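**Q** Starting off with a structure, shown below.
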Amino acid sequence: MAEDRVHVTIDGAQTEVPKGTILWEAAKDIGVDIPIFCYHSKLGPVGVCRMCMVQVEGMPKLTTACTTTVTDGMVVHTRSPEVEKAQRGVLEFLLINHPLDCPICDRGGECPLQDQTFQYGPGISRFVERKRHFVKPVRLGPTIDLDRERCILCWRCVRFTSEVAEDNKLILVDRGSESFIGTFEAEPYVSNFSGNVIELCPVGALTSHKQRFTFRPWELQQHPSICPHCPMGCNINIDVRDAQEVIRFRSRTNEAVDDGWLCDRGRFGYDFIGSPDRLKTPLIREDGTLRPASFSAAYRLIAERLQRVAAEAGPHSIAGIASPRLSNEDLFVFRRFLRDSVGSESIDYWPRPEYSIDSGDSAALQTLDSALTSIDRIDSAALIVLIAADPSEKEPVMELRIRSALNKRSAQLVDIGIHDVPLSGKASAVLRFAPDQIDGVLRGLFLAAAREAGSEEFAGARELLDGDGPVVLLYDDSFPDIPQERRRDALLSLAYMVDNLRERRQVGVIPLLTTSNEMAARDFGVMAPNDSGSVWGEPLVDRLLSGDYRAALFWGANPVGTVAGLTEAVEALDFVAVSELRLSETAGLADVVLPASCFAEKVGTVTNTCRRVQVFSEAVPAPGMARPDWQMLVELSQRWDNPLSYASPEAILADISGSVPGYAGRLPTSYRRVGPLGVAVKGGGVEAAE
Amino acid sequence: MTRVLSDEAVAAIQAERGRYPDPRSALLPALHIAQNEVGWCSADAIEDVAAVMELPTSDVEEVVSFYTMFYEDRVGSYVMEVCKTVPCAILGADQIIGHIADRLGISPGGTTPDGMFTLLRVECLAACHRAPVMQVNSRYYENLTPERVDQLLDLMRRQAELRRGQAREAPLPPLIGRVEAV
């Protein structure tokens, strides 16, 4: 034990850290703040800014804390007169070319250079010569503006593109005092992850094109939230001005989920929140036109018409279709409203994948579900397998997690799929197949007959699968490239693969889903079984086309315009009610439209792709009279004989925690206890196997 | 894939790659091969080199931009690279650069409209003992004075006129101030 730990004394305080720890990290662990610009825990040491100079006893000169590995018995001083002189000197040099435009700089107020100059700097500059000048700003790409005069050449952005995103987009051009950040041949900086360099930049050199000159950091209040754009569930802070206006999303590091990164889709995808076309009142159709109305009039009409349909054609002729973007609370109450108040089992979410599987295939689904693992298991995997999956498209930050595992931890990647994806270049073995051959390929990797046949192309993948250590399999849950009638075979083969691998290795599965809260929509039963008892058959939206239904509720779902022929089918219904953020195509056909608040305007939880339940908080008020969906459903249910009685979203959370299989016993009953980083509910097959 | 480099150049780069434990180390010789053939490190040349070297184009561009002896723009027949570092600067490099610039009507980094001369300020040429010094194509000219620069410019122009229409890199007059080759 003692052999892999070392003792170090920093400013008189003793601490014990694992061998190989970087001195700066060791100091941070015991609360000693050493100023840095170029070092970043996620990027590793480079030692170019010279700001983290410290004095190590026995060393003839000062050394950089970010490139020094702690050794046993090391005694370090971070506040000695020599260190302070060095810090003043480094800052004076860094400020030689840095413009004093803090009053108009976006970073002013949250700028490490500003803060550290104030704390450690010399106060005055002796430099009277001309500063270097550049044309500014330069538009680096669609998202980023670069002010080269402010740049202190810390390389963080360059290292991010070469080490983390591995797209090698940003480079350091020229040399010495003339060098600057740029791109190859001044091509635009286009990347799925470009926004991260704004947060990495320790000065105001890389700024958001979208937000430039629109805010000052000290005007903003932070609200912890969860990115709503994919099922990964990256943690964000919503920065709000005057308790009204969403200014930006920033990452709120959750090591178990996002590792501190955001993709551009998430980071810049907030315009919809304050959009002028948001619905502000309920709308009721009168003489063919939707007109503003009160909630009570809207509720009265919905109840009256649905109860009439139920009396005439039975409650199951009322279809309820929810969006998997809704929160756990909304989805759970939608399900209860339909089942308990309305009495209908005709419920589904849209969009969702379609498999022709029946109840007899439940063992396979069970296998996949029991192997569900957590995102951070990717870090310790020896082998990562993509099965017809493109994480970069479905859950982009997963790509960075996989790259990190492949680079830092010598994991290997097998890419089994129909076409190349951005991660294919990192694969140790690639297996390509025609869309209708997926089952043959997945089974062929394990079948003795196929082994003996010894197909050459299988050899590499097979060898890796035969190895040791934990495996994480990622598959695209909707199998978009596989013909519908072959998806059942794909799922069954995948389960077969998991079962086979499990005999020898730890196996974890991560399904890449399509919409942010899709996992909860499934867990809460927002999908009705078909005649054969399976919930995975033809989606309810498609069954609307058959004319078997008389009324429909679309809760955040907008299939009209996407599903062919649906416009006519919806127009033919007796009654349609829609809850939406804006007047969608589907809402445009409704008899009643209710104005919903979005995720940034309410408290609630979402369940991510690996069943981690995370909390988002209310950041801004909803526009006009818009309300949370759960609230509108509870209010609406009062007009039925079996009303719902939730007084707050937390009461719904408690009910979920008490009644949903897999959540019961794992999900705390209050938001405070779910905590800022969320909790994992049922899932984590790796744990189960251990 | 290769667009501007000849098969011979690609083969030469491949051969260089084989000479190093880490093939990436062959980037400098590879760029010299490309520049000798193309005349400068054009974007196409960089892309070709990157493809043969199996490196991102951005990495190659970083190296090209770092070294003053790789040309990021098209250059003239005579590339006059005047040392700008301290010993030469103390002994009048700026005066030499200014003089050449005046004579040719271009500023450092520029090329004469006839495509004959390019003037560049470069990092130390390692001949500080005979500063100020400049390198024209592959030859050193040392202990420079404005008068010697004038002589040299005249000779180079006359030589170019004699050889007009011939090889791109005209041989230089064996003259003034030239000490041992490096």
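**Q** Would you call residue A:600 closer than 24 Å to residue A:254 by Cβ and open to solvent by 50 Å² or more (accessible area, probe 1.4 Å)? Working first, answer last.
**A** Numbers: closer than 24 Å to residue A:254 by Cβ: yes; open to solvent by 50 Å² or more (accessible area, probe 1.4 Å): no.
It is false that residue A:600 is closer than 24 Å to residue A:254 by Cβ and open to solvent by 50 Å² or more (accessible area, probe 1.4 Å).
**Q** Test residue B:60 against the criterion of being buried (at least 18 other Cβ atoms within 10 Å of the Cβ), touching a residue at least 40 places away in the same chain (Cβ under 8 Å) and within 14 Å of chain A (Cβ to nearest Cβ), and give yes or no. Talk me through it step by step, then tell me what you get.
**A** On the way: buried (at least 18 other Cβ atoms within 10 Å of the Cβ): yes; touching a residue at least 40 places away in the same chain (Cβ under 8 Å): no; within 14 Å of chain A (Cβ to nearest Cβ): yes.
It is false that residue B:60 is buried (at least 18 other Cβ atoms within 10 Å of the Cβ), touching a residue at least 40 places away in the same chain (Cβ under 8 Å) and within 14 Å of chain A (Cβ to nearest Cβ).
**Q** Scan B:4, B:82, B:75 and give me the residue that is of a type in the set (Val, Ile, Thr) and either open to solvent by 40 Å² or more (accessible area, probe 1.4 Å) or within 14 Å of chain A (Cβ to nearest Cβ) (or both). Spell out the reasoning first.
**A** Numbers: B:82 fails: either open to solvent by 40 Å² or more (accessible area, probe 1.4 Å) or within 14 Å of chain A (Cβ to nearest Cβ) (or both); B:75 fails: either open to solvent by 40 Å² or more (accessible area, probe 1.4 Å) or within 14 Å of chain A (Cβ to nearest Cβ) (or both).
After applying the criteria, what remains is B:4.
**Q** Suppose we filter A:352, A:325, A:409, A:335 for residues that are open to solvent by 20 Å² or more (accessible area, probe 1.4 Å) and without any contact (Cβ under 8 Å) to a residue 60 or more places away in the chain; which single one remains? Step through it out loud before you land on a result.
**A** Numbers: A:352 fails: without any contact (Cβ under 8 Å) to a residue 60 or more places away in the chain; A:325 fails: without any contact (Cβ under 8 Å) to a residue 60 or more places away in the chain; A:335 fails: without any contact (Cβ under 8 Å) to a residue 60 or more places away in the chain.
Only one candidate passes the filter, namely A:409.
**Q** Also, quick follow-up: Can you report the number of residues in the range A:417-437 which are within 24 Å of the chain's Cα centre (by Cα), loosely packed, with under 15 Cβ neighbours inside 10 Å and in a helix (DSSP H, G or I)?
**A** Qualifying residue count, the range A:417-437: 1.
**Q** Name the single residue that is farthest from the other protein chains (Cβ to nearest Cβ) among those in the range A:172-201 being modelled with pLDDT of 95 or more and in a helix (DSSP H, G or I).
**A** Among those that are modelled with pLDDT of 95 or more and in a helix (DSSP H, G or I), it is A:199.
**Q** How about the range B:1-71: which helices (runs of 4 or more DSSP H) wholly inside it have at least 2 residues that are closer than 23 Å to residue A:158 by Cβ and either among the acidic types (Asp, Glu) or touching a His at 6+ places or on another chain (Cβ under 7 Å) (or both)? Can you show your working first?
**A** Details: elements: B:7-17, B:27-38, B:43-53, B:57-66.
In the range B:1-71, B:57-66 are the helices (runs of 4 or more DSSP H) which contain 2 or more residues that are closer than 23 Å to residue A:158 by Cβ and either among the acidic types (Asp, Glu) or touching a His at 6+ places or on another chain (Cβ under 7 Å) (or both).
**Q** Something else now. Among the residues of the range A:162-202 satisfying the criterion of being polar (S, T, N, Q) and surrounded by fewer than 24 Cβ atoms within 10 Å (Cβ to Cβ), which is nearest to residue A:230 (Cα to Cα)? First the steps, then the outcome.
**A** Going residue by residue through the range A:162-202, those that are polar (S, T, N, Q) are A:162, A:168, A:177, A:179, A:183, A:191-192, A:194, A:196.
Imposing the further condition that a residue be surrounded by fewer than 24 Cβ atoms within 10 Å (Cβ to Cβ) reduces the set to A:162, A:168, A:177, A:179, A:183, A:191-192.
On the way: A:162: 25, A:168: 25, A:177: 43, A:179: 38, A:183: 29, A:191: 17, A:192: 14 Å.
Of everything passing the filter in the range A:162-202, A:192 is nearest to residue A:230 (Cα to Cα).
**Q** Modelled with pLDDT of 95 or more and more than 14 Å from residue A:151 (Cα to Cα): does that describe residue A:76?
**A** Working: modelled with pLDDT of 95 or more: yes; more than 14 Å from residue A:151 (Cα to Cα): yes.
So residue A:76 fits the description; yes.
**Q** Would you point out the residue of the range A:208-226, among those that are open to solvent by 10 Å² or more (accessible area, probe 1.4 Å) and outside any loop (DSSP other than H, G, I, E, B), that is nearest to the other protein chains (Cβ to nearest Cβ)?
**A** Residues of the range A:208-226 that are open to solvent by 10 Å² or more (accessible area, probe 1.4 Å), as a first pass: A:209-224.
Now narrow it down to the ones that are outside any loop (DSSP other than H, G, I, E, B): A:217-224.
Numbers: A:217: 31, A:218: 37, A:219: 37, A:220: 34, A:221: 39, A:222: 35, A:223: 37, A:224: 36 Å.
Residue satisfying both the conditions and the ranking: A:217.
**Q** Hey, can you tell me all the residues within the range B:94-129 that are hydroxyl-bearing (Ser, Thr, Tyr), open to solvent by less than 30 Å² (accessible area, probe 1.4 Å) and in a strand (DSSP E or B)? Reasoning before the result, please.
**A** Of all residues in the range B:94-129, those hydroxyl-bearing (Ser, Thr, Tyr) come to B:107, B:111-112, B:118.
Going one step further and asking which of them are open to solvent by less than 30 Å² (accessible area, probe 1.4 Å), we end up with B:112, B:118.
B:118, the sole residue that qualifies.
**Q** Can you go through A:495, A:552 and tell me which one is in a helix (DSSP H, G or I) and open to solvent by less than 10 Å² (accessible area, probe 1.4 Å)? Before the answer, list the steps.
**A** Values: A:552 fails: in a helix (DSSP H, G or I).
When all the criteria are applied, what remains is A:495.
**Q** If you take the residues of the range B:24-50 that are buried (at least 17 other Cβ atoms within 10 Å of the Cβ) and either among the acidic types (Asp, Glu) or within 18 Å of residue A:169 (Cβ to Cβ) (or both), which of them is farthest from the other protein chains (Cβ to nearest Cβ)?
**A** Only one residue fits best here, namely B:48.
**Q** Starting from the range A:196-224, take each residue that is over 21 Å from residue A:165 (Cβ atoms) and list its partners that are polar (S, T, N, Q), counting only C-beta distances under 7 angstrom and pairs at least six apart or across chains.
**A** A:222/A:237; A:223/A:237; A:223/A:617; A:224/A:237; A:224/A:617
**Q** Also, I was wondering about something else. Could you please let me know if residue A:213 is within 17 Å of residue A:269 (Cβ to Cβ) and touching a helix residue (DSSP H, G or I) at 6+ places or on another chain (Cβ under 8 Å)? Walk me through how you get there before you give the answer.
**A** On the way: within 17 Å of residue A:269 (Cβ to Cβ): no; touching a helix residue (DSSP H, G or I) at 6+ places or on another chain (Cβ under 8 Å): yes.
The answer is no for residue A:213.
Let's see how each residue does on (1) polar (S, T, N, Q); (2) touching a residue at least 12 places away in the same chain (Cβ under 8 Å); (3) in the same structural domain as residue A:505 (by TED's automatic domain parsing); (4) in a strand (DSSP E or B):
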{"site": "A:375", "(1), (2), (3), (4)": "no, yes, yes, no"}
{"site": "A:389", "(1), (2), (3), (4)": "no, yes, yes, no"}
{"site": "A:392", "(1), (2), (3), (4)": "yes, yes, yes, no"}
{"site": "A:401", "(1), (2), (3), (4)": "no, yes, yes, no"}
{"site": "A:415", "(1), (2), (3), (4)": "no, yes, yes, yes"}
{"site": "A:439", "(1), (2), (3), (4)": "no, yes, yes, no"}
{"site": "A:442", "(1), (2), (3), (4)": "no, yes, yes, no"}
{"site": "A:446", "(1), (2), (3), (4)": "no, yes, yes, no"}
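The values are calculated or read from the model by the stated rules, or taken from the named source; none is laboratory data. The shown structure was predicted, so the numbers you read here are calculated from the model rather than taken from an experiment. Reconstructed Cβ throughout: ideal geometry from the backbone, glycine too, with neighbour counts over all protein chains shown. Just the protein is used for accessible areas: all its heavy atoms, side chains included, with ligands, DNA and RNA removed. Shrake-Rupley method; radii C 1.70, N 1.55, O 1.52, S 1.80 Å.
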